[in-house]
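Data block below; observations after.
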Amino acid sequence: MHHVRTITDSAYNLHGSAPPRPSLRGTGVPPGTLTAVPQADQTSPESFPGPPRPMRVTPVPLAELARLLDADEPGAPVSGSTGAPEGDTASGAGVSVTGITHDSRAVRPGDIYAALPGARLHGADFVEQAQSLGAAAVLTDPGGTERAAATGLPVLTVPDPRGRMGQLAATIYGKPGEDLLQIGITGTSGKTTTAYLVDGGLRKAAQKGEPRVACPAKGGGGRREGGGLTGLIGTVESRIGDERIKSERTTPEATDLQALFAVMRERGVSSVAMEVSSHALVLGRVDGCVFDVAVFNNLSPEHLDFHRDIEDYFQAKRQLFTPERSRAAVVNFDDEYGFRLLTELQDEGFPVTSFSAEGHPDADWRAEDVEVGPLGSTFTAVGPDGQEVLAGAPIAGPFNVANALAALTALAAAGIDPNIAAEGISAVPGVPGRLQRVDAGQDYLAIVDYAHKPDAVESVLYAVRKVTEGAVHAVLGCGGDRDPHKRPAMGAALARLSDTAVLTSDNPRSEDPLAILATMLGGAAEVPAHERGIVLVEEDRAAAIRAAVARAEPGDTVLILGKGHEQGQDIAGVVRPFDDVQVLYDSIRARAAEQAPAGPMHAPTHTVAAPSPSSPALSVPPSESSANHRTDNQNR
Ligand SMILES: Nc1ncnc2c1ncn2[C@@H]1O[C@H](COP(=O)(O)OP(=O)(O)O)[C@@H](O)[C@H]1O
Ligand SMILES: [Mg+2]
């Protein structure tokens, strides 16, 4: 929520003094603790709305930015467009800039306001608001020039202002990325998880004073030194050291991203793990970034509501692996598109390191002796020169071996000792909503996972089956206002791979929840009756979770899919608080209380059990007892 605030002292920022620092208080929670993500605190009177900004910015003359735009785009009109004579304010002479934003409500004194064309409105419609908040200049396209110029502010006009914001932001904030070791992760699945695992490795390295040598790919340049804090940018949250910032989207807009890098640098961050979505690449959100290492996890037909076809989707991700965006690549040998990327990059002479969780001997890093368990996996990572590193994935599921090996390979490619990297990766206490175990003292496994794509649903169900002795009771819904084509496949996967498939609502958004369920059910009905489990339909998500819990017996697994870390449910545009972890925990407790009415339960003084998967004290392995062992559907 943004608050509009009128700032009268519009001059101070231009003179280089520090604007008030946004208050982003730490939560006092130890690193890696799985909790709900707090909102950035925007309530203190001195704070500005919107994403964080650096405290200190050296003002950049507007003329210099105009030259930058002009030089890169010969012939593009860059001007004070009021026709005012040279030297006049409207032409921007003497004006300096200390920030940039495309959100008129988030403008701070000294900012360039980027007035972008939108589907319905034009940013130029809000230029008065930007001006009242202290904008020093406007960047816009020809369609916005006239309205922007009417304010009397200097106007920079380029054909594609969105495409220039990242570069301008990087320049205004003093190229913060160059002082950070940056590892970017792309792929259809596993970006968030891999980013947390990379962060674990970076934390361990920082503790040990690494990376001491600059990333080889960075040509030994950069001003990075050993130690320091780590930064994380992704779907669940962004982090500066242990401070958490709520994440609006997987990859922030370019202007906010560069500001965040600058804040990180200012606070002593030396390395950053970051998710890079294909949307971000297409929409220019990582413009202005050059990653030291870019990771390609995998590609499967997803987001085809956004991309024309899979080739288009691949090409979108492909953009990350160009000299403009990264200095070295790490790719998944086992993935069809990863392999294609590997060969293309090798042909181009682009530095690339491959990894194979399946242990392919031609990959640079491969996993051997993989042992998967309900809490995580262990494996030996064999490196390019035959070096062997004992490694582990701190989260269950074979695909997390791939994520852990991706992280290890990326860290090694960044010049970090692979043993230190492996140590840090296996010490990660879990990733919120990614195969997150919920422990209320029950004798069956209870897991919350974010899988919300057909492939992910399948791989999670396979992974969970592998470590479940008894039956799997899974709950899943499909989001409304999103790719409807995946719904039948998701319904089918759930019906085929679980003993009890409870179809329910995810975020129906503006759609009729029953209509979504009907499509999912249609997919489930395509699975021959003898190949599917019991299929239940329960529109109410909390009731669906209770239904799954009610069926659990010792040694079973209850699996709640689709929403992971999310803290709300959007029904008809109203977002109500809803937390799968909390609801699952409460359902388990409620059932236990029903079953044991005589003895009082332990007073539930906590709110949520968010167990650390790596903590043996909290582990509840599937029961060894076979008394209630059901074998139906086990081999589907
Ligand atoms: N490497 C992988 N391959 C297939 N599925 C995965 C992989 N990693 C994670 N998943 C599944 O996808 C879900 C989303 O994982 P996440 O790490 O949040 O990926 P992303 O950020 O790319 O959406 C997880 O909850 C899990 O079910
Ligand atoms: Mg993500």
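Scanning region 451-463 for residues that are more than 30 Å from GLU371 (Cβ to Cβ) and within 16 Å of ligand 1 (Cβ to nearest atom) turns up nothing. Of ASP385, ASP364, ASP417, all but one fail to be at pLDDT below 95 and more than 25 Å from GLU469 (Cβ to Cβ); the exception is ASP385. Looking across region 311-357, the residues that are among the aliphatic types (A, V, I, L, M) and modelled with pLDDT of 95 or more come down to LEU320, ALA328, ALA329, VAL330, VAL331, LEU341, LEU342, LEU345, VAL352, ALA357. Selection of region 410-441 for residues being within 16 Å of ligand 1 (Cβ to nearest atom) and either over 20 Å from ALA206 (Cα atoms) or surrounded by 21 or more Cβ atoms within 10 Å (Cβ to Cβ) (or both) yields ALA410, ILE425, VAL428, GLY430, VAL431, PRO432, GLY433, ARG434, LEU435, GLN436, ARG437, VAL438.
Is it the case that region 258-268 has a residue that's assigned by TED's automatic domain parsing to the domain that holds ALA316, closer than 21 Å to ARG162 by Cα, within 16 Å of ligand 1 (Cβ to nearest atom) and touching a residue at least 40 places away in the same chain (Cβ under 8 Å)? No. If the condition is being away from ligand 2 (no atom under 16 Å from the Cβ), surrounded by fewer than 24 Cβ atoms within 10 Å (Cβ to Cβ) and among the hydroxyl-bearing types (Ser, Thr, Tyr), then region 158-196 contributes only THR171. Within region 389-433, the set of residues being within 16 Å of ligand 2 (Cβ to nearest atom) and more than 21 Å from ASP335 (Cα to Cα) comprises VAL428, GLY430, VAL431, PRO432, GLY433.
Confirm whether GLY144 is away from ligand 1 (no atom under 16 Å from the Cβ), at pLDDT 95 or above and part of a loop (DSSP other than H, G, I, E, B). No; evaluated as a whole, the condition is false for this residue. For residues that are more than 16 Å from ligand 2 (Cβ to nearest atom) and either within 11 Å of the chain's Cα centre (by Cα) or of a type in the set (Asp, Glu) (or both), tally how many sit in region 248-281. Adding up the residues that qualify gives 3.
Of all the criteria given as (1) at negative phi; (2) modelled with pLDDT of 90 or more, the one not satisfied by GLU225 is (2). Residue pairs whose Cβ atoms lie under 8 Å apart, sitting 6 or more positions apart in sequence or on different chains, and linking a residue in region 449-470 that is of a type in the set (Phe, Trp, Tyr) to a partner that is assigned to a helix (DSSP H, G or I) and surrounded by fewer than 22 Cβ atoms within 10 Å (Cβ to Cβ), are TYR462/PRO398. Scan region 455-473 and give yes if some residue there is at pLDDT 95 or above, in a loop (DSSP other than H, G, I, E, B) and assigned by TED's automatic domain parsing to the domain that holds ARG589, otherwise no. Yes: region 455-473 contains one or more residues that are at pLDDT 95 or above, in a loop (DSSP other than H, G, I, E, B) and assigned by TED's automatic domain parsing to the domain that holds ARG589. When ARG487 is tested against (1) within 30 Å of ASP570 (Cβ to Cβ); (2) not assigned by TED's automatic domain parsing to the domain that holds VAL527; (3) not aliphatic (A, V, I, L, M), only condition (2) is not met.
Name the single residue, out of those in region 226-247 being in contact with a helix residue (DSSP H, G or I) (Cβ under 7 Å, 6 or more places away or on another chain) and assigned to a loop (DSSP other than H, G, I, E, B), that is nearest to ligand 2 (Cβ to nearest atom). This residue is THR235.
This table checks each residue for (1) within 11 Å of ALA114 (Cβ to Cβ); (2) over 22 Å from the mean Cα position of the chain (by Cα); (3) assigned to a helix (DSSP H, G or I); (4) within 16 Å of ligand 1 (Cβ to nearest atom).
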residue	(1), (2), (3), (4)
THR151	no, yes, no, no
MET165	yes, no, yes, no
GLY177	no, no, yes, no
SER189	no, no, no, yes
THR194	no, no, yes, yes
VAL198	no, no, yes, yes
LEU202	no, no, yes, no
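For beta carbons closer than 6 Å, sequence separation of 6+ or different chains, a first residue in region 387-401 that is under 20 Å from GLY187 (Cβ atoms) and a second that is within 16 Å of ligand 2 (Cβ to nearest atom), the qualifying pairs are ALA393/ASN400; PRO394/VAL428; ILE395/LEU435; ALA396/LEU435; GLY397/LEU435; PHE399/SER459.
The values are calculated or read from the model by the stated rules, or taken from the named source; none is laboratory data. None of these values were measured; they are calculated from a predicted model. Positions of Cβ are backbone-derived with ideal geometry, glycine not excepted, and every protein chain shown enters the neighbour counts.
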